[in-house]
Amino acid sequence: MTNPALPDLSHSSDEDCCPDESLFAIYHSTQASRAPATRNFIGALPIELLLAIFTHLYRSSCRPTHTPSGETWKLDEPLSSLFPYAPAAVCSMWCSVLSCVPEFWTRMVIRVDSPHTQRRDIRRYFEWSRNLHLDVIITRHRDDFDGDDRREMEKVFRATGELMKHIERCRSIRYDVMYSSSLPSMLYDFHRKTAPHLHTLKLKCKVDDGGSPPRKLVHWSFDAPGLRHLYLDARNFFDVCVDRNNWLRRLHRLNSLSGLDLYKLLKAIEESPAISYLELKDLHFSRVRPWTTVNDISIELISMNLEGLSGKAFSEIIGCIDSAPDATRISRCAITTCQHSLISGGVAFHDLSDDQDLMVPLAHWRGRTLSLVNCACFHDDFLRDMMDGGPHDQSFACKGVKELYLVNCSSFSPGLLKTMLARRSIFWRHDQETLDWTFPTVAPITLISVEGGPVLSRKDREWFERNLGSFHWDERVVHSPFEDSGDSDPE
């Protein structure tokens, strides 16, 4: 962002700071018609001094970064004193001087409250920035997000139209408006656009009023290969990340996807019965559920993959699943605060730390297959809970599990695992002998597969082989267990 043509006051000579001739022409044209006695001090400031002041203001509005330009605009300054818009409003001469330095206009701030930025001014700002890269912000004053603004959509629409003419130069685009219906549509406004320099795209609103009615596009494209930060409202997320999830997969540099209202997202999924596979990764939700709303959502899925979710979001999602998915994969989620039990036929946990409590979502789980990969929380306490049938030996945890797969889990004792299997088998045999098949106490575990587990003695190995229908135990650590290619869509 720093331009060597801008004066460096710390060590430059007067010759180094000399502005171009057009700035002197501006100065003399604004002063020629004024008598010396009527010239005010602001209008009489020398061009060199004005440039020095404006350059200082410009640099104080930036912060150092590790980007190629070495700096970027600050985003937390009040609109009323924002550079260069505040000094440009002082007088026509100041505005003319500022307009001759394109670096000053690479932070494009467009107001859609009152007073809003006029379209002619938006066009001038883009023109003054020449061909430099841009950071565009379409927003309201921080104190003007209350009340009712019926014209916001119209003002945002006009601003978006001007923005799209220059999207190839944009490094970041941020919308912060009142209504979701005012936000641009990813499906239509960004269709067939190319943004090679875009690293941040945020579509944020305060009130979700549903947005525009859905329309269909058979072929949709938006090329932003460098996009790293994506913040979407529920409507746009559903349009381009659910209906067109291949686009999200092509964003190889994306490391944050956030801003979603989880309740609205789950509502949209509930109203789309064709969705049978749900995958949510590394999402931060702006709101889980309105505090005045009960959980009235019921979703039926065949499979589900949840990664990197907070405890509240994880619990809310599990509580909305009404059918039993065939498979559920849970990775790097906070499961200890979950208030609902899993109901999937098969559950796979990946990359859980030792402070997570597996029993919270599994205590009343009735599924058949349990898999744990790189889970330090699979330890002896969990095995003790697995063989504890309660005061009357009628309430075993994970009572339906018959297959146990462990990969890179070494914080448990093989002897205690053997004891757990034996105890559960005792109660299963008792049910078999008494023909109590209606409400079996517990199912027997008949398959165990361990990769990267603790050392197993020969005696214990022989016991497992003798008492299990299928058994495998390898103490070598698996470096990339069960990696998904991610090249194909789920069926």
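Just so it is clear, none of the values below were taken in a lab; they were calculated from the coordinates. Keep in mind the model is a prediction, meaning the values are calculated, not measured. FYI the Cβ positions are ideal-geometry reconstructions off the backbone, even for glycines, and counts take in every protein chain you see.
Could you give me D for region 87-232, from Stokes-Einstein at 10 °C and 1.306 mPa s, where the hydrodynamic radius is the Kirkwood radius over C-alpha pairs? Units µm² s⁻¹, please. Once the numbers are plugged in, D ends up at 99 µm²/s. Per-residue extension of 0.36 nm, minus the Cα-Cα distance of Glu307 and Asp322, leaves a gain of 3.4 nm for this segment.
Over region 149-193, consider all pairs of different Cα atoms and compute the Kirkwood hydrodynamic radius from their mean reciprocal separation; express it in Å, one decimal. Mind dumping the intermediate values first?
Working: mean 1/r = 0.0892 Å⁻¹.
Radius from the Kirkwood sum: 11.2 Å.
For Val477 and Leu57, the difference between the fully extended length at 0.36 nm per residue and the C-alpha to C-alpha distance is 145.5 nm.
For the pairs Lys155/Lys281; Lys202/Lys312; Lys165/Lys312; Lys281/Lys399; Lys264/Lys402; Lys281/Lys459, flag any whose C-alpha to C-alpha distance is greater than 32 Å. Please report the intermediate quantities before stating the final value.
Working: Lys155/Lys281 34 Å; Lys202/Lys312 23 Å; Lys165/Lys312 41 Å; Lys281/Lys399 30 Å; Lys264/Lys402 37 Å; Lys281/Lys459 43 Å.
Violating the 32 Å Cα-Cα cut-off are Lys155/Lys281; Lys165/Lys312; Lys264/Lys402; Lys281/Lys459.
How big is D, in µm² s⁻¹, for region 223-372 by Stokes-Einstein at 20 °C and 1.002 mPa s if Rh is the Kirkwood radius over C-alpha pairs?
Values: Rh = 15.9 Å.
It comes out at roughly 135 µm²/s.
Normalised by the number of residues in region 72-152, the average gap of Cα pairs under 8 Å and 6 or more apart makes the relative contact order 31 percent.
Taking the Cα centre of region 77-144 as the origin, how large is its charge dipole in debye, to the nearest 20, when only Lys and Arg (+1) and Asp and Glu (-1) carry charge on their Cβ atoms? Numbers along the way, then the final one.
Working: 9 positive and 8 negative charges, 50 e Å.
Result for region 77-144 is approximately 240 debye, rounded to the nearest 20.
Once you reduce region 140-209 and region 281-350 to the center of their Cα atoms, the two points are 30 Å from each other.
How would you order 164-170, 247-253 from highest to lowest mean count of nearby Cβ atoms within 10 Å? Working shown, then result.
On the way: 164-170: 17.4, 247-253: 13.3.
The peptides rank, most packed first, as 164-170, 247-253.
Over all directions, the average projected area of the alpha-carbon convex hull for region 289-431 comes to how many nm²? Walk me through the numbers on the way to the answer.
Working: hull surface 36.8 nm².
Result: a mean projected hull area of 9.2 nm².
For region 291-334, dividing the convex hull volume of the Cα atoms by the residue count gives 56 Å³ per residue.
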